[in-house]
Each structure stands twice: as structure tokens, then as C-alpha cells.
Amino acid sequence: MTRGGQGKAARSRSGSRLPFPGITAAALLAAGTIWWSAAPLAGGGAGTQLSLIIAIVSGVMSIAQLAVTATIARDADLFTLAHQLAELIRALPWPELMTVATLVLEALHSARPWHTAVLAVVLTGYLFATHLTESGAGAAVLRIQVPLLTAGVGLTAVAVGAAYLPHLPAGPAAAVIRVAAVVVAVVVAGIVVPAWLGRSG
């Protein structure tokens, strides 16, 4: 084999490697999201077990979808059966199904604002991990989204604080928290509006 052929073969073998770091990160975030939304399992209402089963199945299939998509993108010589299996796995939007199932699991539990806020952050991380792994893009593409992500975290904090405000006793502490919530909301608006105008322009 010539040196050029060897280089081409080496590039082919390198390109056929699965993105294990991305798949591993997505798998860990999926497992964490499902566990967090279901815990405590005994505290959920009717339909908790069914929602948990759907979340687990869709989470597993979403990771399989990532692996299959990456394999097909890097190996065009797969057998027809493998392509048919890949199309079967990719027939449903598994990440979206897992998202809905975990949100249902969270809704089946009693109100717990801080718990829901953590779930929102972890779930967002899972969706970003699956998107970046499937598209093959690096984390640098999220740099432009940092202002909006920061605003999202700020709004989540405001929402959690607003949920607890009615239960706070009257006094200086409650007044300080209310003022802080307003300040955070103003800061978030200051971040979002310029970022949004910049995107539309």
C-alpha cells in the first residue's frame, strides 16, 4: 500500500471512531434526569411507574440512536440489515419522548420548586449533549447561546423564589427577597433583550 493509501486508511479508521465522550455524557445525564424526576418513587401519583418505564425505555433508545447515527455517519459500508435497524431505531424522537416522560414524572409528585429547577438544568444539559453528539459539533457552538442560557438560569431562580414567596412570613427578610427577585428579573431582561435583538439583526 502506498503512503497516500495508508494515510487515507488511517483517516478512515480515525473517522470511524464513535464519539464515546459525548455518548457517555448523554447517557449519564439521561440517567440522572430520570432518577431525579422519579425520586422518591413512592411519592408519585397514579401513573408514576408507567411514566418511569417510558422514560427509561426512551432514554436507552436515545443513547442507542446516538450510537447508530454516529456509526452510519462514519461507516458507509454497513450491511442493509444494519441500515434497516438504524432506521427503526431512529423512527421515533426518543430524546423528546424522554423529556415528556420525565416532566410527567415530576408533575406526578407534589409541588417542589427547587427540585423542578434542578431537573430543568439537568434536562437542558442532556438535550444539549445529545444535540452536540449527534451533530458532531463542538461545545464552542454554544458560546453564542451563553447570554440566553444565563438568562434561563436566572429566570429559573426567579421562578423558584416566586413559588416560595407566598409561604414566607411577613417581615424584612421577605421584603429583601422580593426586592432581590425583582432585581434578578431586571438583570435577566437586560441580558435577554440585547441578545435577542442581536440574533434577529
How much length is gained on full extension from Q49 to T24, taking 0.36 nm per residue of separation minus their Cα-Cα distance?
6.4 nm
Points 7 angstrom from Cα along the Cβ direction at V183 and A39: gap in nanometres?
3.3 nm
Linear extension gain, V57 paired with R112, 0.36 nm per residue minus alpha-carbon span
17.2 nm
Can you tell me the FRET efficiency between A64 and V176 if r is taken as the Cβ-Cβ distance and R0 is 30 Å, rounded to the nearest 0.05?
0.05
Here the FRET efficiency for V141 versus V121, based on Cβ atoms and R0 = 25 Å and rounded to 0.05, is 0.80
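A short reminder: the numbers here are calculations on the coordinates, not readings from a lab. Small disclaimer: the values here were computed from a predicted structure and weren't measured. No Cβ is skipped: glycine too gets one built from the backbone with ideal geometry, and neighbour counts run over all protein chains shown.
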